[in-house]
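The values are calculated or read from the model by the stated rules, or taken from the named source; none is laboratory data. Everything quoted here is computed from the prediction, not taken from an experiment. Neighbour counts run over all protein chains shown; Cβ positions are idealised from the backbone, glycine included.
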Amino acid sequence: MFTEDLSPFFNTAGFAIGATLDGAAVQGIFDAGFDDAPLAGFGTAGTSPTFMLPSASVPAAPEGKAFIVSTGSAAGNYRVGNAKHDGTGVCTLELLLNRT
């Protein structure tokens, strides 16, 4: 089986940032993600933030777990809405902003 060293892609000296997933430190790439969708002839807009990280860093059944970014423009308290493993060792977490 072919395995790729993903560490250069998720290095905080580059584009990656540190975060906390269910209390564990993780590194990955945050994307605020602009979302624009038509609704009954009118446009709606918002964000759909995601965080891409190595699949090995994702716990089993991460949906609903706390996700915290403490630095930069991405700072906020989120929870995981969905986890999409792409089969290459990378997972994209769809994040929901906690409004507490």
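See the values below:
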read-out	value
Cross-chain or 6+ apart pairs with Cβ under 8 Å, the stretch 6-26 first and under 18 Å from Leu96 (Cα atoms), then surrounded by 13 or more Cβ atoms within 10 Å (Cβ to Cβ) and among the charged types (D, E, K, R)	Leu21/Lys65; Asp22/Lys65
Neighbours by Cβ (under 9 Å, 6+ apart or cross-chain): first from the stretch 63-88, on the phi < 0 side of the Ramachandran plot and part of a loop (DSSP other than H, G, I, E, B); second surrounded by 12 or more Cβ atoms within 10 Å (Cβ to Cβ) and of a type in the set (S, T, N, Q)	Glu63/Asn82; Ser70/Thr20; Asp86/Ser55; Asp86/Thr92; Thr88/Ser55
Filtered residue count, the stretch 28-58, keeping only those that are part of a strand (DSSP E or B), modelled with pLDDT of 90 or more and not hydrophobic (A, V, I, L, M, F, W, C)	4
